[in-house]
Structures are given as structure tokens and as C-alpha cells.
Amino acid sequence: MTITELPYRASTEQCCAWLEQHTNSAWNLARLLAQGLTPHVWLDYDASYPELFGEANGGYPAPIMFEQDTQRLAAGSEDVLITFTKDADKIPVQLASPGIRRPLSDLRFYKKEIVRLLHALNKPTEAEKTAPEKSKVAQQGINREQVLSAFAAMLKIDLDKALTSEIGVFGDEGAKIKGNARGSKKNTLWNPVTLALGLNDSYRVPMARLSRAFEEQDSLLEWRENWLQSLDLLGE
């Protein structure tokens, strides 16, 4: 499977095959979930659940996000059971028992999340292969002030507050670089490529605007090659 063959919403089989090609290791649904990926199931409009659809009368992709629902999938369930999800307006909804069931074949993962995962998995290897010894420290990440200088003007949210909150910018800490500065929050570093991909995916910041930042911001210049590699993986 080539890069361009990974669709916008990819099946479990497509994701695993693509990741196996690029990581030379075996993948399955349990491993995808262990990496923090969120699967979705397309729900056609159902009058039995009016609270889910709102104005999305054609249906929408519902995330499987409840821990018990994902644990059930990771344990090898024969189908998908959704007991808690988000509605078409991205508001969390607890479904009445027994929930919604769908076949495993309906599971989909977003292409951008798969590419972000691959970038995160390859990060140490890329640094060792492409960065000169003297620049390894600089390649660890950028600090909070540099993040704000590069990206804050692109967002309607308070990026400074989001960076320092417990839930992070994307509801997790996927762009934070673990183990730096002995856990001191003021010395936290972020991978700007992973962060930029997340800003596009979660907050719809245009790729063109993000690309300009990697060309114009001094703190991002050494990350420009990694950014371009990620765009190639996305087919941008």
C-alpha cells in the first residue's frame, strides 16, 4: 500500500497495513487503541437518537471515546458497542442502554491521526539520522514562548492557557516532549510539527498558514524539513 492509498477515513485493516509498511512491525486494532487513536463509526440519521444528530440529518462520524467501549474493542470484541460518544456538534452524550452496536468493519480512523502517530514513532530515529550532533539539543523541541510566538495568532482559543492546562491543547499531551527538564512545567518543550498537525486537525488552522510559520519563524526553521516530510505523508 502506498502513501496515497491511505484514505481520509481509513479502516482498521488499511491503517495497520500502512503502519506496518512504514514501521516494519505488526499492527492490530489493540495496538492502534493503545497509541491513543480514536476510532469513529459513521452513523446514518436515526430518529431513535434525535439528541445525536441535530441538523446533521444525513449522519455524522461518531467517535468511540469511552474507556469501557475502547477496552472492549482492545480485548477482541466481535462488534462495536457505543455507550458514550459526542453528538454532531461535538458535545458529549451518554446513550441510553443498551447503546448502539455496529460491526467491526465500520470502524474508521482519521488519516491525519495516523500520520501524526507515525511522525511521533519515528521522531527519535529521524533525529539520529538527519540532525548533526551539535543540533540534537536544539531539535528536542521549542518552549512555550516560541510556541506562542509561532502559533498563537492563528487561533481563536487562548493558546497560552491551553498549553498550561491539565488537559493540554488536544485533550491530551500528544505534542509535549516527555522527560524534559525534570517535569518542570515552565521548561516544557513541544514538538512543533506534531503541534502544527494537531492545530490543523483540531482547530482548522490552514496548512498554508502553518507552512509559512515554518519558513518565517526562527525557532521553526530547523524543523522545516520534518514539516515538509509530514506534508508529503499527508499528500498535501
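Extension gain residue 225-residue 56, at 0.36 nm per residue separation less the Cα-Cα distance, in nm? List each step's numbers first, then the result.
Values: separation 169, 0.36 × 169 = 60.84 nm, distance 3.95 nm.
Length gained between residue 225 and residue 56: 56.9 nm.
Please work out how much accessible surface residue 60 shows to a 1.4 Å probe, ignoring ligands, DNA and RNA, in Å² rounded to 10.
10
Can you tell me which of 203-210, 9-16 comes out highest on packing, and rank the rest after it, using the mean Cβ neighbours within 10 Å? Provide the component values of the computation, followed by the final result.
Values: 203-210: 14.1, 9-16: 18.6.
Per-residue mean Cβ counts within 10 Å order the peptides as 9-16, 203-210.
State, to one decimal in nm, how far the label point of residue 161 lies from the label point of residue 49, with both points 7 Å from Cα in the Cβ direction.
In this crude label model, residue 161 to residue 49 measures out at 3.2 nm.
Mind checking the full-extension length gain between residue 216 and residue 104? Use 0.36 nm per residue of separation minus the Cα-Cα distance, one decimal, nm.
35.8 nm
Which FRET efficiency value, to the nearest 0.05, is calculated for residue 93 and residue 35 with the Förster distance at 22 angstrom and r the Cβ-Cβ distance?
Computed FRET efficiency for residue 93 and residue 35: 0.30.
Please work out how much accessible surface residue 84 shows to a 1.4 Å probe, ignoring ligands, DNA and RNA, in Å² rounded to 10.
The accessible area comes out at roughly 50 Å².
If you stretched the chain out fully between residue 8 and residue 208, how much longer would it get, using 0.36 nm times the residue separation minus the C-alpha to C-alpha distance?
70.1 nm
Which FRET efficiency, nearest 0.05, do residue 118 and residue 74 yield, Cβ-Cβ r, R0 22 Å?
After rounding to 0.05, the efficiency reads 0.60.
Kindly sort 164, 23 by accessible area of their heavy atoms, largest first, with the probe set to 1.4 Å.
Sorted by accessible area, descending: 164, 23.
The values are calculated or read from the model by the stated rules, or taken from the named source; none is laboratory data. Please read all numbers here as calculations on a predicted model, not as lab measurements. Note: ideal-geometry Cβ built from the backbone for every residue, glycine included; neighbour counts use all protein chains shown. The protein model used for the area step is the full one, side chains on, heavy atoms only, and it has no ligands, DNA or RNA in it. Shrake-Rupley method; radii C 1.70, N 1.55, O 1.52, S 1.80 Å.
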